[in-house]
């Protein structure tokens, strides 16, 4: 039976959830506090890129999708409200900032009643649904239906994964859990009930912290291999080939909103009993862009004698290249650019998904790919398919880079070297540059 559902917070999580619920036949009220966001959505124009999202909003806004600044009043009974507001961490202290969540809970308490199921989708420290959201609802209503059902999609695949991935649901009590399961059964192919709100909260943190750990080990291998002139991809390839244990991850930058903040939320959940691995893995992954920037300066100094007045072109400014996204949250270029500029280097920038004005805001001068290959050095920072398909010989003119630092190893090293351009990668010390 079609439901009437509110979604509070029209960021990436809320937008994709709204679209998926509407596609499943439900009526959705999508709420955001930013008027410009709401007005754009009313015109069928999502402010975030995700394959298929614009098409859903263009087809369904005003029919089954209703963007607004507030949830509908008592005249419209909502079967459920999904809370998908941002839960960032403080840039300095890394402590979770939960003000948006508290405000959302208060708004729901004012506009709805105890018959409405409240579902926390935002990533939160363990215990937050019970200790922060629940008291607000109980103060207003006396009783509440409350679930925690973490969002676990990947950018570029969200509309598919919201249906195909198991939806984990934890409830305040048996009745809340039963209602929550019945709601998500009308969206996803599989629903996984768990024993408590806290269990569901920890599921999301465990997913993302484990991913961060896996990537950090690939980066650890790269840093050790670099000291010995060993190719880390050769090591990883030989290690993984037909070996029946978990595969090693290739080295790379670890960005995006979730992987850069959720480890800190896990750390906050642990209190004084700090985990051994989570913080160190995050520290290593945050070090990699700094390491690469310093390595680029070292190579440029070796090739040109100094770095003053030199230019470095960065290809790939979004936090990742595949699946393609324009998301700049946790992007590797943010810590890299200041280090390069401090060395007197002019930073040029290109990204197929990122608007030139955004590249400018992060300290780069927007250029075409062809112009990038006229710089003193080229650094490939993400693995967008456009970069994998580059015809490097066609891009190189009389003025060519001294080297290409291919962090994701997406270019053909042999082709680059045949153009008399040195080649290096993350953890990979080429014979010429070593």
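For the chain, the relative contact order comes to 11 percent (Cα pairs under 8 Å, sequence separation of at least 6). The convex hull of the Cα atoms of the chain, projected and averaged over all directions, covers 22.5 nm². Between 154, 314, 265, find the one with the highest GNM mean-square fluctuation for the chain; connect C-alpha pairs within less than 10 Å. Largest GNM mean-square fluctuation: 154.
In the P(r) worked out for the stretch 49-145, what percent of Cα pairs fall beyond 24 Å? Taking all Cα-Cα pairs of the stretch 49-145, the fraction more than 24 Å apart is 33 percent.
The Cα atoms of the stretch 196-434 define a convex hull whose projected area, averaged across directions, is 14.7 nm². Sequence-distant contacts, meaning Cα pairs under 8 Å at least 6 residues apart, place the relative contact order of the stretch 4-195 at 19 percent.
Helices in the chain, meaning DSSP H runs of at least 4 residues, each add -39500 (n - 2.57). Divided by all residues, the mean residue ellipticity at 222 nm is -12500 deg cm²/dmol.
Between the stretch 160-239 and the stretch 349-383, the C-alpha centres lie 32 angstrom from each other. Cβ crowding within 10 Å ranks 233, 17, 277, 223 as 277, 223, 233, 17, fewest other Cβ atoms first. The Stokes-Einstein estimate for the stretch 345-434, based on a Kirkwood radius over Cα pairs and taken at 37 °C with 0.692 mPa s viscosity, is a diffusion coefficient of 244 µm²/s.
The angle between the Cα long axis of helix 257-270 and the longest principal axis of the Cα atoms of the chain comes to about 60 degrees, rounded to the nearest 10.
For 102, 63, 400, which order do you get if you count the other beta carbons within 10 Å of each Cβ and list the fewest first?
63, 102, 400
Could you work out Rg/(2.2 N^0.38 Å) for the stretch 124-222, with Rg from alpha carbons only? Walk me through the intermediate numbers first.
Working: Rg = 15.7 Å, N = 99, 2.2 N^0.38 = 12.6 Å.
The reported ratio for this selection is 1.25.
Dividing the Cα radius of gyration of the stretch 4-195 by its Kirkwood radius returns 0.94 for Rg/Rh. Between the Cα long axis of helix 174-184 and the first principal axis of the chain there is an angle of about 60°, rounded to the nearest 10. Largest GNM mean-square fluctuation across 285, 208, 240, computed for the chain with C-alpha springs under 10 Å, falls on 240.
With 10 Å bins beginning at zero, the pair-distance distribution over Cα atoms of the stretch 203-270 amounts to 20, 40, 29, 11, 0 %. Express the relative contact order of the stretch 196-434 as a whole percentage, based on alpha carbon pairs under 8 Å and six or more residues apart in sequence. Relative contact order here is 20 percent.
Among 180, 171, 344, the residue with the largest mean-square fluctuation in a Gaussian network model of the chain, with springs joining Cα atoms closer than 10 Å, is 344.
Taken together, the values in this text are just the output of simple stated rules run on the coordinates, not laboratory data. In this text the structure is predicted, and so the values were computed from the model without any measurement. Glycine also receives a Cβ, built like all others from the backbone with ideal geometry; neighbour counts cover every protein chain displayed.
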